[in-house]
Amino acid sequence: MPNIPDIPDSPDIPDINGIPDIPDINGIPDTGVVTITTTHRLTPATPARISPAASPAKPHDVQSSQMVLGIDSIVPSSAALLANARSQDYLGRAPQFWGRYFYAPGQINAAGKRDTHYAPAENGLLRASNIRVLPIARQTAHVKQANKAKNDAENNVTAIFEIFSAQYLAGADPDVLVFLDVEQNTPLAAGYYETWSDTIVTESNRISNGRVRFHPAVYGSQSDEDTWKALKRAMDAGAPCGGIWIARYYYPTPVPKPWSDKLTAPGVALACPILAWQYWASPDHAPETTNFDANLASAAHADILIDRLVMPPI
């Protein structure tokens, strides 16, 4: 091998201000030489410019994007009403569910008259907007009269199947929540709920030949203790309850707020999940295009709620 010339000693590296001496490490001999290798030069980063199009969203936009929001209305769904619901003054984005009323086939109400209940003409808008239907059984004047419960439930089931056929639901949404509308001025009777809930289950099973299951549920005011006590008595007697939809208007605007167990829990302990909260109601005199209420799904049970609502057919 050729001779390799000696490499001259490296010059001493001067101390660098601000960097302390490195202490000896036990077990490693002191060679007397410390080598520092510099690979790049660090320069301060220049802050990125934010274009107007990328400006931060309003605070409730960020909040609402993490929530499952919905509306309900006595008036039919419409593009104008949906546009208002999506605006920053209301939900700030499209609702994921829309509560609509049912009583008997042909949009007939409990008084025997044609009403603004859900109709097939609404399917297209909601389907195109990816909004599910939350069925509400509307016979509020009857819920204290147990002798009307069976006929009411049969009408409710038939009305829902008139819009969403058993064949369609069997393939698309075979489990459907049906919320009984209970208003505080007419509290629920335990006997009514026992019969109504049983008939909702058996009649949906009969009409669909066991392919579709309707799950009875209750809408009511958080402070309506008479209703919740009646529901508890009915459940203690074996009545099924697939969920509760609480009404409590705590906030003055429909801008979404986070879920609160404290604000939604009834004064009666119930073995039934609270699925949704109607946290704001439109004024009675509101025009048709803003005549809707705002709702928030429970974060703990939003999957149950959405899975058991109906996506309308094309």
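The values are calculated or read from the model by the stated rules, or taken from the named source; none is laboratory data. Because the structure is predicted, anything quoted here is derived from the model rather than measured. Because the Cβ atoms are built from the backbone with ideal geometry, glycine has one as well, and the counts that use them run over all protein chains shown.
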Tell me which residues, restricted to region 207-227, are surrounded by fewer than 24 Cβ atoms within 10 Å (Cβ to Cβ), assigned to a helix (DSSP H, G or I) and not charged (D, E, K, R). Ile207
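Any chance region 221-239 includes a residue that's under 30 Å from Gln88 (Cβ atoms), of a type outside the set (D, E, K, R) and at pLDDT 95 or above?
Yes: one or more hits.
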If you go through region 186-198 one residue at a time, do you hit one that is modelled with pLDDT of 95 or more, part of a helix (DSSP H, G or I), of a type in the set (Asp, Glu) and over 15 Å from the mean Cα position of the chain (by Cα)? yes
Show the residue pairs meeting these rules: Cβ distance below 6 Å; 6+ apart or different chains; first residue within region 193-211 and within 18 Å of Ala239 (Cα to Cα); second residue β-branched (Val, Ile, Thr). Ile200/Val178; Glu203/Val157; Ser204/Val157; Ser204/Val212
Any residue in region 141-160 that's without any contact (Cβ under 8 Å) to a residue 60 or more places away in the chain and under 17 Å from Asn205 (Cβ atoms): show its pairings with residues that are surrounded by fewer than 22 Cβ atoms within 10 Å (Cβ to Cβ) and among the basic types (Lys, Arg) at Cβ separation under 9 Å, as long as the two are six or more apart or on different chains. Val157/Arg206
Leading residue by the ranking (farthest from the chain's Cα centre (by Cα)) among those in region 83-103 that are among the aliphatic types (A, V, I, L, M) and surrounded by fewer than 20 Cβ atoms within 10 Å (Cβ to Cβ): Ala83
Identity of the residue in region 198-215, out of contact with any Leu (no Cβ under 9 Å at 6 or more places or on another chain) and of a type in the set (Val, Ile, Thr), that ends up farthest from Asp152 (Cα to Cα): Ile207
Does any residue of region 144-165 turn out to be outside any helix (DSSP H, G or I), farther than 22 Å from Ile108 by Cα and either under 25 Å from the mean Cα position of the chain (by Cα) or charged (D, E, K, R) (or both)? no
Test Thr253 against the stated conditions and say whether it is modelled with pLDDT of 95 or more, in a loop (DSSP other than H, G, I, E, B) and of a type in the set (Ser, Thr, Tyr). yes
For region 104-133, give me each residue that is among the basic types (Lys, Arg) and exposed (fewer than 15 other Cβ atoms within 10 Å of the Cβ). Lys113, Arg114
When you go through Arg100, Arg138, Arg114 one by one, which is the residue that is within 14 Å of Val176 (Cα to Cα) and among the charged types (D, E, K, R)? Arg100
Restricting to region 91-126, name every residue that is part of a loop (DSSP other than H, G, I, E, B), without any contact (Cβ under 8 Å) to a residue 24 or more places away in the chain and at negative phi. Ala111, Lys113, Asp115
Only listed residue being at pLDDT 95 or above, assigned to a loop (DSSP other than H, G, I, E, B) and more than 16 Å from Thr227 (Cβ to Cβ), chosen from Pro283, Pro266, Pro313: Pro313
